[in-house]
Amino acid sequence: MTASSAAVQPVIVGAGPAGVRAAQALVAHGLRPVVIDEASRAGGQIYRRPPASLAQRSAQALYGFEAGRADAVHAAFDALRERIDYRPDSLVWNAQGGRLDVLHGPTRSTSSLPYGQLIVATGATDRVLPVPGWTLPGVYTLGGAQVALKFQGCAIGERVAFMGTGPLLYLVAYQYAKAGAKVAAVLDTARLADQLAAAPAMLRQPAVFAKGVYYVAWLRAHGVALHGGVRPLRVLGDAQESRVAGVAWHDGREERTLACDAVGFGHALRSETQLADLLGCRFEFAPLHRAHLPVRDAAGRSSVRGVYLAGDGAGIMGADAAEWAGERAALALLADNGVAVDAARAAELERKLQKLGGFREGLERAFPVPQDWAAHANDELVVCRCENITAGTLRQAVAENGADEMNRLKALSRVGMGRCQGRMCGAAAAEILAHATGLPLQQVGRLRGQAPIKPIPIHLAAAPSAEGAGE
Amino acid sequence: MSGRKTLRTDVAIVGGGIVGASAALALRQMGIGVVLLERDLCGSRSSGVNYGGVRRQGRPIDQLPLAQRAHRIWGRLRETIGTDGEYLRSGHFKIARSEADMASLERYRAQSRDFDLGLELISDARLRERCPWLGTRAVGGSLCAEDGQANPRLVSPAFALAAQRAGAQVFERHKVEEVAHDGQAFMLRSGNALEVHAPALLNCAGAWAGSIAAEFGEEVPLQSGHPAMAVTEPLPFFMDWSLGVEGGGIYCRQVARGNLVLGGGGKGIALDADRARSDRDAIASLSAQAVELLPALRHAHFIRTWSGTEGYLPDRQPVLGPSRTTPGLFHGFGFSGAGFQIGPAAGEVLAELVRDGRSSTPIESFSIERFTPTPP
Ligand SMILES: Cc1cc2nc3c(=O)[nH]c(=O)nc-3n(C[C@H](O)[C@H](O)[C@H](O)COP(=O)(O)OP(=O)(O)OC[C@H]3O[C@@H](n4cnc5c(N)ncnc54)[C@H](O)[C@@H]3O)c2cc1C
Ligand SMILES: Cc1cc2nc3c(=O)[nH]c(=O)nc-3n(C[C@H](O)[C@H](O)[C@H](O)COP(=O)(O)OP(=O)(O)OC[C@H]3O[C@@H](n4cnc5c(N)ncnc54)[C@H](O)[C@@H]3O)c2cc1C
């Protein structure tokens, strides 16, 4: 450890593109950051690396068009390995009083790590708007379906339908088809008209736009049925309701069905904000993301001194933006500690991020969250699967007990009280609440975060050892 | 804003916790006019986030008349507030970890003999037979079969809804920012929105009641505390009693869905004047004691922790009764970590005080006079 790093040893949570680039910038300025990640290998969601024990597939096979970027991020990280304090398999489950509580998986121990400065780069998970039948075995989120492919090298089924909306929809379908799986159909809730209207904004990132167009064209050319403007009706089960047997949707004129043995579904992504919440960051509603997000300035400074936010965890902006934001946040951290940084580079990163904002707006227009989802969710629909809470139960809490805010809805109905603490059901529950009360989504608020961020074994919680024991 | 709304009523109440809400309900049942102002949502503070223990056992003897009165209200909860709020007379078992603890439980049984709590001491072979899931640290304990547990998230807001159905005017998200008394009546003001005039005022503002008392020249050493709470993932159901530990420590209960709710084991931390959460050391202590008491928890996970903001007085007794400075003012606050069970009775007592000037339940021990500075 060098003298300067002893003075400031910042902590980065998340080793996705944002965390990796943040670490790289800190190291370049002579610091030795701690990098904590729940996963066993760096790369984050998009550049997730399979376990070393699995037969190596090429980056090209794993990441397609993204192979070059994936290689670059992995290489950048590998080059840092000796110059950072890297802690994989380590879940940050609590933050309090300048210390993070970390659960180290393999040694099943927990430790408490002090920090002065912290870069939160915790990424995202799928945004789920459930359909009847979504709890059947064989239904996965789009991200989950992709993780199965990238991480385990297997498909979720032999005949897979993809349903929902968002850029991942076509990408994952494409990846499945490329990997040799049979893609039964792609069912997009967005209409072709949405995509056409969004094209000008999307052209701000011509390369990314071109990729999207390519996936669609490729799927079409390979005979995959693509349906736009659908309203998903349900996932059909087999005779024993033990497995997916098909999907049903409405195409605007009539009800249609299709046989398949697995479904990947989702409506884009949602930010993983629990840690920022526990750190006391101020949140605001971000209309573009249809979510309450921790506020930050253009450089990534949160409302809490010493806490910086980068990547999808602070707002879904995609992998390239995550890299830029990670680096930008690191420069802000350095500057705030009196380290001289390249101001031109900082400005360039901000400009790039700013420019991407327009593209993101285009994406939202191209793949809007179906505004009528809540209106069509019937009372029997299970919204929260941990606690088995239906849309009807949520509406009852509104009608009979006057719930008009997310935490009150949780208190009265148990939605979000299970293992996931609302990470999976929160977005859908908010849509239902807003619809049932007639209030704008922004006004129904958000679920307050509580430790632990993910469930922790009691016997481990019993013994927080001194810093460093996790290693 | 188009002018402030002015209301005149018989009784104004500050605070929509279980105490203020049940007072509102009791007053309406007496036909008395009520306006209740709650800064946030009714039952969103202590009353809605507590552990849910509904126990008389272990309370100071002078609280038992109030606790007995509350016990009767809990017994007809559904008729009273329209929901059972998951209230169960599951039994409350106070664990002894030593012979000295056992002797102390025995003494409590003798002292509380007049109150019909039905306490039953259990130890040795009978203990192991009745609760094989108890760890070896427990040598015995005292069972109050009629004590139990309820879901505070459901019960406390339901009291406020019931009061509203009975005709109380309940204003949520209306913080009382100004109170005054002109010698005749009280005036309460909530921003530019609402002004309430009433000859009687109930101070039921929980941990925040001290400043209202001080407005009327009554300083009380009220402090905020934050008991740490945690809940496990659902486990196969094995325990119907709610557990406590003689001499303090943790308490826990298992709900019908299988989750174990645990509390105690140290303090939470205040985030600001209004919000708190469990402290990491408190979680650690809670966990260690839980595993010792219930070895079955060894492989369980905590899925959530939380805390709340509760008002404590140094002798751990509430302030319940008339103001000594201002006619028409009545206090009901400072329940010191144990007001959920007695809250509904405290509400009835406050209503009686308004109507009759006296309560049929003895409350002398809770007088605010005990904090009167002794004259020089
Ligand atoms: C399942 C999934 C698949 C995706 N696939 C694609 C794709 O194919 N193409 C594309 O363009 N975009 C994809 N995205 C979006 C893309 O992942 C992001 O834009 C990009 O990865 C964002 O980078 P990041 O560094 O912000 O976060 P991530 O890459 O998500 O990295 C966050 C890291 O933080 C770690 N972490 C989070 N919380 C904690 C905690 N409490 N303690 C310890 N570690 C923690 C996670 O383990 C993760 O490694 C996908 C997203 C998801 C969720
Ligand atoms: C974590 C925890 C666990 C507990 N466990 C138990 C238990 O197991 N058993 C038990 O019997 N007791 C328990 N208690 C204690 C019990 O919850 C409280 O004693 C009881 O709820 C107090 O009720 P209250 O109505 O006085 O206060 P509160 O519920 O706090 O209500 C006071 C209300 O006043 C409002 N208010 C304050 N100032 C203003 C203002 N200026 N204007 C308008 N409104 C205002 C607040 O917003 C609040 O809603 C526990 C408490 C906590 C915090």
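The values are calculated or read from the model by the stated rules, or taken from the named source; none is laboratory data. No experiment lies behind these values; they were computed from the predicted model shown. With ideal geometry, Cβ positions are generated from the backbone for all residues, glycine too; neighbour counts draw on all protein chains shown. Ligands, DNA and RNA are stripped out before the accessible areas are found, and what is left, the full protein with its side chains, is counted by its heavy atoms. Shrake-Rupley method; radii C 1.70, N 1.55, O 1.52, S 1.80 Å.
Largest GNM mean-square fluctuation among B:VAL291, B:VAL220, B:VAL19, using chain B with Cα springs under 10 Å: B:VAL291. Once all protein chains are placed together, B:ASP114 keeps about 140 Å² accessible to a 1.4 angstrom probe. Rounded to whole numbers, the Karplus 3J(HN,Hα) couplings from phi for the stretch A:220-230 are 4, 4, 9, x, 7, 6, 10, 10, x, x, 8 Hz, using 6.51 cos²θ - 1.76 cosθ + 1.60 with θ = phi - 60°, and x at Gly and Pro. Put simply, the amide H of B:VAL34, placed in the peptide plane, has neighbours under 5 Å in B:ASP10, B:VAL11, B:GLN169, leaving out anything fewer than 5 places away on its chain.
Rolling a 1.4 angstrom probe over chain B with all protein chains present gives an accessible area of which 50% lies on carbon and sulfur atoms.
Give the B-A buried accessible area in Å², both sides summed, 1.4 Å probe, nearest 100. Kindly include the intermediate steps, with their values, before the conclusion.
Working: alone 16120 and 19960 Å², together 33170 Å².
Adding both sides of the contact gives about 2900 Å².
Phi-derived couplings, Karplus 6.51 cos²θ - 1.76 cosθ + 1.60 at θ = phi - 60°, listed residue by residue for the stretch A:172-182: 5, 4, 4, 4, 5, 4, 4, 7, x, 7, 8 Hz, with x used for Gly and Pro. Coupling constants for the stretch A:419-430 follow from the phi torsions by the Karplus curve (6.51 cos²θ - 1.76 cosθ + 1.60, θ = phi - 60°), and in residue order they are 4, 8, 6, x, 4, 8, 9, x, 5, 5, 4, 5 Hz; glycine and proline get x. Summing +1 for each Lys or Arg and -1 for each Asp or Glu among the other residues whose beta-carbon sits under 15 angstrom from that of A:LEU142 gives +1.
Roughly how many Å² is the accessible area per residue of the protein assembly as shown, as a whole number, for a 1.4 Å probe? Present the calculation step by step, with values, prior to reporting the outcome.
Values: 33170 Å² over 847 residues.
In whole numbers, the protein assembly as shown has 39 Å² accessible per residue.
With 29 Å as the cut-off, how large is the P(r) tail for chain A, expressed as percent of Cα-Cα pairs? Every Cα pair in chain A considered, those over 29 Å come to 49 percent.
Helix B:18-29 and the long axis of chain B differ in direction by around 60°, with both axes built from C-alpha atoms. Only Cα pairs within less than 10 Å get springs; with that Gaussian network setup on chain B, which residue of B:ARG189, B:ARG277, B:ARG107 has the largest fluctuation? Looking only at B:ARG189, B:ARG277, B:ARG107, the biggest GNM fluctuation is shown by B:ARG107. Highest mean packing first, where packing is the average number of other Cβ atoms within 10 Å per residue, the peptides A:367-375, B:294-302, A:23-31 line up as A:23-31, B:294-302, A:367-375.
The portion of the accessible surface of the stretch A:309-414 made up by carbon and sulfur, rounded to a whole percent, is 47 (1.4 Å probe; DNA, RNA and ligands excluded). Annotation: amide H-H contacts under 5 Å for A:LEU113 (H modelled 1.01 Å from N, sequence separation of 5 or more, or interchain): A:LEU100, A:ASP101, A:VAL102.
Considering every Cα-Cα pair within the stretch A:340-437, what fraction, in whole percent, is farther apart than 19 Å? Of all Cα-Cα distances in the stretch A:340-437, 53 percent exceed 19 Å. What's the angle, to the nearest 10 degrees (0 to 90), between helix A:192-202's Cα axis and the longest principal axis of chain A? Its long axis makes an angle of about 20 degrees. Cross-link partners of B:LYS94 among lysines, defined as those whose alpha carbon lies under 26 angstrom from its own and excluding same-chain residues fewer than eight positions apart: B:LYS267.
Surface composition of the stretch A:156-302: carbon and sulfur make up 54 percent of the accessible area, probe 1.4 Å. Computed from Cα positions, the angle between helix B:64-75 and the longest principal axis of chain B comes to roughly 90 degrees. Taking 22 Å as the straight-line reach from the Cα of A:LYS211, the lysines in range (excluding those fewer than 8 positions away in the same chain) are A:LYS150, A:LYS178, A:LYS182, A:LYS352, A:LYS355. Of the residues B:ALA162, B:ALA338, B:ALA110, the one that moves most in a GNM of chain B with alpha-carbon contacts below 10 Å is B:ALA110. Proximity of backbone amide H atoms, modeled 1.01 Å from N, is registered between B:LEU201 and B:ALA12, B:LEU329, B:PHE330 at under 5 Å, excluding neighbours fewer than 5 places apart on the same chain. Averaged over the residues of A:412-422, the number of partner chain Cβ atoms lying within 10 Å of the residue Cβ comes to 3. Candidate cross-link partners of B:LYS175 among the lysines, defined by an alpha-carbon separation under 16 Å and a same-chain spacing of 8 or more, comprise B:LYS5.
Could you tell me which of rounded, prolate or oblate describes the stretch B:90-140, using a ≥ b ≥ c as the square roots of the eigenvalues of the alpha-carbon gyration tensor, with rounded for a/c under 1.5 and, failing that, prolate when a/b is larger than b/c and oblate otherwise? Intermediate results must be reported in sequence, preceding the final value.
Numbers: a/c = 2.58, a/b = 1.55, b/c = 1.66.
Oblate, because a/c is 1.5 or more while a/b does not exceed b/c.
For the stretch B:153-290, the extents of the C-alpha atoms along the principal axes are 57, 35, 27 Å, listed from largest to smallest.
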